[in-house]
Amino acid sequence: MSATCNCTEHVNKLNQQISVMRKEIKNLRQLLDSAVRSHRKHMTSLQSALTHIGQSRSPKSQPRPQAELETRNSLEKGTIQTVPIGYISSCFSVKNGTPRQPTICGPSRATLQIQQSVFNNPEHSLVGLDNYSHVWVIFLFHKNGHLSYKAKVKPPRLNGQRVGVYSTRSPHRPNALGLTLAKLDRVTGDTLHLSEIDMIAGTPVLDIKPYISDYDSPHSRVDMDTDTYDCGVQPESTSVPSEEGTASVETLHSDSVASSSCTVDPQLDLGVERQDSHSTAPRILHSKDKSKVHILHPGDASSSSAPKALDKDITAVLGELKAYISEGHNPLTLGSSVGKSQASDGPKAKPLEPVEDSARPCYGEEAYSTIAGWIREPPVTSLEVRFTPHAERELGEFLAPINTESHDRPRFRFLRGPKEAAAAIRGVLSADPRSVYRRSRCKDRLFFFTLDTADITCWFGQGFAEVLRVRLVAVGKELAS
């Protein structure tokens with residue numbers, strides 16, 4: 001009996017060892033695949049560098065048209081050599097504690113100086129940029145540590161759950177490109193002063209573009225679609241009946257309304273149509289809620305200030321159109337119902353031809369912009385942030401960059417004082433900057449990170465983070481950053 005038990009135990013131990021060996025083999029295969037991919041990328045970089053050196057040493061060996069042709073072919077294939085336009089100087093010097101998204105830490109600040117090697121006069125490239133409040137910054141994740149990547153990743157906010165890399169903002173991607181929306185505080189010469197950033201010092205920036213809400217925000221597109229198609233008027237030119245004949249009407253978007261110089265009822269929206277100022281045809285105006293409709297005749301004395309006459313036939317037509325649209329029908333396919341409601345003595349409008357859905361992308365506001373549910377309701381909750389009295393006193397010793405008080409006290413480079421630094425620390429810690437491994441398996445609850453010229457020491461408890469120390473960054477560490 002004892003021999004049988006010993007044999008069973010021996011078999012179980014062997015099975016455990018086999019399971020461990022399989023896991024080790026699987027890990028080794030993954031490391032080998034990662035090393036192969038990294039080796040291939042390094043070889044590609046070396047070949048590109050050697051080719052560039054050979055071309056620079058013997059420029060006459062290759063005709064210029066042939067070089068231009070090769071450059072054009074590379075662009076068409078998507079193979080390009082990037083050149084940073086500048087490098088970020090940020091209040092975050094290391095990855096540890098750097099926000100994962102720009103909205104986490106609003107007081108975070110940085111500067112970007114355009115390099116003179118890109119433009120002979122780099123300040124000229126920034127002319128007009130101060131008209132915008134935000135800019136898109138396209139940069140490289142230069143501190144990834146390795147060039148490996150996987151199809152599925154574990155975002156920290158999902159607490160270990162796997163999702164596809166392209167459904168996240170993970171820095172470990174086939175092309176390590178980052179995109180952030182930064183607030184543009186001001187432009188001085190060839191330097192941009194930014195805030196609400198999530199980039200560490202030394203980040204290579206490839207490009208910057210102004211943020212234009214009329215183009216980049218889905219809400220603006222919803223408003224545009226509503227203004228264009230709410231009354232069943234075609235976006236280009238549509239014929240409507242009038243007393244003088246058939247007038248050409250052109251639909252406008254909401255931004256064209258703001259530039260109108262006509263003075264009318266504040267509830268009226270001039271976005272339905274636009275005509276030449278010398279036209280003799282009547283103008284159709286309606287309120288934003290589509291409850292008021294007015295016909296404005298150029299010959300009337302009061303036409304320049306407010307519409308006076310209200311055409312009952314047009315009111316009936318628009319009411320019928322509104323009811324038809326609310327039932328989910330295509331307004332551009334109507335024609336017969338409109339013709340029946342028109343006056344018999346006036347010229348009949350041609351029925352509107354049907355327009356394919358692809359030519360008229362009109363969506364509801366609720367379906368225009370959607371995000372994953374875990375973005376707003378992640379498994380990881382926000383933490384309460386506390387300061388010990390000692391940490392508050394140490395933080396209060398720091399001075400703003402422009403402060404002219406005693407030089408013996410520590411001073412910030414980017415942050416504007418202890419209050420802004422405290423807000424930045426709360427923003428960083430409330431989002432729990434720890435990795436999933438450190439959060440779930442590491443027994444050491446102490447956490448260290450650098451913010452501007454301050455070294456922060458804190459620890460994490462159940463549902464909170466507490467700041468213990470705030471000290472000036474060591475001189476050697478500051479110079480290294």
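The values are calculated or read from the model by the stated rules, or taken from the named source; none is laboratory data. The shown structure was predicted, so the numbers you read here are calculated from the model rather than taken from an experiment. For neighbour counting, all protein chains shown are included, and Cβ atoms are generated from backbone atoms with ideal geometry for every residue, glycine included. For accessibility, only protein heavy atoms count, side chains too; no ligands or nucleic acids. Shrake-Rupley method; radii C 1.70, N 1.55, O 1.52, S 1.80 Å.
Scanning region 158-168 for residues that are touching a strand residue (DSSP E or B) at 6+ places or on another chain (Cβ under 6 Å) and either open to solvent by 80 Å² or more (accessible area, probe 1.4 Å) or touching a residue at least 40 places away in the same chain (Cβ under 8 Å) (or both) yields one hit, Arg162.
As a summary of the residue check, Gly128 satisfies the conditions (1) within 22 Å of the chain's Cα centre (by Cα); (2) at negative phi except for the one numbered (2).
Here Asp432, Asp408 are screened, and the one residue that is free of Cβ contacts under 8 Å to residues at least 12 places away in the same chain and of a type outside the set (Phe, Trp, Tyr) is Asp408.
Residue-by-condition table, conditions (1) open to solvent by less than 40 Å² (accessible area, probe 1.4 Å); (2) at pLDDT 85 or above; (3) over 31 Å from the mean Cα position of the chain (by Cα):
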position	(1), (2), (3)
Asp432	yes, yes, no
Thr450	yes, yes, no
Asp455	yes, yes, no
Ala474	no, no, yes
Ser481	no, no, no
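The set of residues in region 199-218 being in contact with a Leu (Cβ under 8 Å, 6 or more places away or on another chain), part of a loop (DSSP other than H, G, I, E, B) and open to solvent by less than 30 Å² (accessible area, probe 1.4 Å) consists of Thr203 alone. Any residue at all in region 136-157 that is touching a Phe, Trp or Tyr at 6+ places or on another chain (Cβ under 7 Å), open to solvent by 70 Å² or more (accessible area, probe 1.4 Å) and farther than 24 Å from Thr370 by Cβ? No, because not a single residue in region 136-157 is touching a Phe, Trp or Tyr at 6+ places or on another chain (Cβ under 7 Å), open to solvent by 70 Å² or more (accessible area, probe 1.4 Å) and farther than 24 Å from Thr370 by Cβ.
Yes or no: region 207-229 includes at least one residue that is hydrophobic (A, V, I, L, M, F, W, C) and modelled with pLDDT of 75 or more. Talk me through it step by step, then tell me what you get.
As a first pass, look at region 207-229 and keep what is hydrophobic (A, V, I, L, M, F, W, C): 208, 212, 222, 224.
Then keep just the ones that are modelled with pLDDT of 75 or more; that gives 208, 212.
Looking through region 207-229, at least one residue is hydrophobic (A, V, I, L, M, F, W, C) and modelled with pLDDT of 75 or more.
The condition of being at pLDDT 85 or above, out of contact with any helix residue (DSSP H, G or I) (no Cβ under 9 Å at 6 or more places or on another chain) and either β-branched (Val, Ile, Thr) or open to solvent by less than 70 Å² (accessible area, probe 1.4 Å) (or both) holds for only one of Ser74, Ser58, Ser90, Ser38, that being Ser90.
Residues are listed down the side, and each one gets a yes or a no for (1) without any contact (Cβ under 8 Å) to a residue 40 or more places away in the chain; (2) more than 13 Å from Leu206 (Cα to Cα); (3) touching a Lys or Arg at 6+ places or on another chain (Cβ under 9 Å); (4) not in a helix (DSSP H, G or I):
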{"position": "Asn73", "(1), (2), (3), (4)": "yes, yes, no, no"}
{"position": "Thr82", "(1), (2), (3), (4)": "no, no, no, yes"}
{"position": "Ile88", "(1), (2), (3), (4)": "no, no, no, yes"}
{"position": "Asn96", "(1), (2), (3), (4)": "no, yes, no, yes"}
{"position": "Pro107", "(1), (2), (3), (4)": "no, yes, yes, yes"}
{"position": "Gln115", "(1), (2), (3), (4)": "yes, no, no, yes"}
{"position": "Val118", "(1), (2), (3), (4)": "yes, no, no, yes"}
{"position": "Ile138", "(1), (2), (3), (4)": "no, no, yes, yes"}
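For the structure I just gave you, tell me whether Arg439 is under 25 Å from Lys154 (Cα atoms), modelled with pLDDT under 95 and among the basic types (Lys, Arg). Criteria met by Arg439. In region 177-198, the residue that is farthest from the chain's Cα centre (by Cα) out of those that are part of a loop (DSSP other than H, G, I, E, B) and crowded, with 16+ Cβ neighbours inside 10 Å is Asp190.
When region 403-430 is limited to residues that are open to solvent by 30 Å² or more (accessible area, probe 1.4 Å) and in a helix (DSSP H, G or I), the one that is nearest to Ser89 (Cα to Cα) turns out to be Glu420. Note on region 104-135: residues that are farther than 13 Å from Leu192 by Cβ and either touching a helix residue (DSSP H, G or I) at 6+ places or on another chain (Cβ under 9 Å) or surrounded by 14 or more Cβ atoms within 10 Å (Cβ to Cβ) (or both) total 8. Filtering region 19-30 to residues that are loosely packed, with under 11 Cβ neighbours inside 10 Å and either of a type outside the set (Asp, Glu) or under 20 Å from Ala151 (Cβ atoms) (or both) leaves Ser19, Val20, Met21, Arg22, Lys23, Ile25, Lys26, Asn27, Leu28, Arg29.
Which ones in region 126-136 are touching a residue at least 12 places away in the same chain (Cβ under 8 Å) and either more than 26 Å from Arg416 (Cα to Cα) or in contact with a Lys or Arg (Cβ under 8 Å, 6 or more places away or on another chain) (or both)? Selection gives Asp130, Ser133, His134, Val135, Trp136. Of all residues in region 375-402, those being out of contact with any Ser or Thr (no Cβ under 7 Å at 6 or more places or on another chain), exposed (fewer than 14 other Cβ atoms within 10 Å of the Cβ), part of a loop (DSSP other than H, G, I, E, B) and in contact (Cβ under 8 Å) with a residue 12 or more places away in the chain number 2.
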